[in-house]
Ligand code: AMP
Ligand code: MG
């Protein structure tokens, strides 16, 4: 990692173009000339956040059809991957006893395999079986009392990606212990955004985006310019701390500023370090740029756990990242050398 280890950012920049309070803000770098292909945009509630889809296509009807199809796809994939939907593959895995081979869809298999890859690369810092620990710390936050050691150990015993056996050929998932559960919250949004973007591309969209509350997949650029994407300031989220320029890439920010709990005056992240069983104490926000949404989403969460320690593995996986740490005297930024390249238009 290189970077401004003691870098205080200047005040908010000028990139406030669109959207609600999400971790990314984006806008086209170009002024739209009259020959600009029609843009269709929609925002709706899904994936536990607000999702925005934008597409430019040669004619408005084609753009509208592409956006409507992508919207339906997102809703369908959410049903398949959500642990809150009784009919999802994830719920079937969570209900199953140890040893039962649970048949899963291609999408579930894809996401679990990508998750397993990130778990391996991070020595278990990323782990989709972390649910029992997430729940324990959520309850502790509500009660404003730290969990006791016995409860912590019990939850930990149920957490390990190694407790899941994935059979690619048979397309089944088998739990090796009872009590193991799957929560794809750290990776599914990026995966689904990527699938929706792929759908838009398949309909001829050459410029567009899918943003699921800070999980953004960008198609092409805007006219002949790249997308300009603002990264929120973790100290004051409506403000922009930084911006990147890119085409055809996924950008995801994971931060502890939107969701956290406070126990005995100390702030605890909603992201858990499965290795210690305790909330992650890594960066306050991590922004990842990768070639696809699932990789970006998974690694943004993984690096929120590992901090700089995971940076080499991230680079080996083709991931560029920027970490922001809130410190008394300002915002400290640490980033991979490749990330710096995205700051230039
Ligand atoms: P994200 O917003 O993508 O960073 O995902 C955060 C969500 O992922 C949390 O709300 C948990 O449901 C889940 N999670 C927490 N810690 C981990 C972890 N170490 N590995 C995988 N998923 C996690
Ligand atoms: Mg994530």
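Compute the distance from the alpha-carbon center of the range 74-152 to that of the range 186-251, in whole Å.
Spelled out, the Cα-based centre of one part sits 25 Å from the other.
Report the residue, chosen from 77, 113, 200, that carries the largest GNM mean-square fluctuation when the chain is represented by alpha-carbon nodes joined by springs under 10 Å.
So, out of 77, 113, 200, the one fluctuating most is 113.
How large is the Kirkwood hydrodynamic radius of the range 244-299, counting all unique pairs of alpha carbons, in Å?
Answer for the range 244-299: a Kirkwood hydrodynamic radius of 12.7 Å.
Hey, rough spin-label estimate for residue 113 and residue 162, points 7 angstrom out along Cα→Cβ, what's it come to in nanometres?
According to this spin-label approximation, the distance is 2.3 nm.
Hey, rough spin-label estimate for residue 150 and residue 236, points 7 angstrom out along Cα→Cβ, what's it come to in nanometres?
About 4.8 nm, to one decimal.
Give me the number: length gained by fully extending residue 178 to residue 120, i.e. 0.36 nm times residue separation minus the C-alpha to C-alpha distance, one decimal in nm.
Between residue 178 and residue 120, full extension yields 18.7 nm more.
Pick from 190, 298, 48: which residue has the top mean-square fluctuation in a GNM of the chain where Cα pairs under 10 Å get a spring?
Evaluated over the chain, the most mobile residue of the options is 48.
Please identify, among 142, 114, 101, the residue showing maximal mean-square fluctuation in a Gaussian network model of the chain using a 10 angstrom Cα cutoff.
Fluctuation is largest for 142.
Run the helix sum for the chain: -39,500 (n - 2.57) per DSSP H stretch of 4+ residues, divided by residue count, reported at 222 nm to the nearest 500 deg cm²/dmol.
-9500 deg cm²/dmol
Between rounded, prolate and oblate, where does the chain land on the alpha carbon gyration tensor, with a ≥ b ≥ c its root eigenvalues, rounded for a/c under 1.5, else prolate if a/b exceeds b/c? Could the numbers behind the result be given before it?
Working: a/c = 1.93, a/b = 1.24, b/c = 1.56.
Since a/c reaches 1.5 but b/c is at least a/b, the shape of the chain is classed as oblate.
Since every read-out is calculated from the coordinates, none of them should be taken as a lab result. The shown structure was predicted, so the numbers you read here are calculated from the model rather than taken from an experiment. Cβ sites come from the backbone with ideal geometry, for glycine too, and all protein chains shown count toward neighbours.
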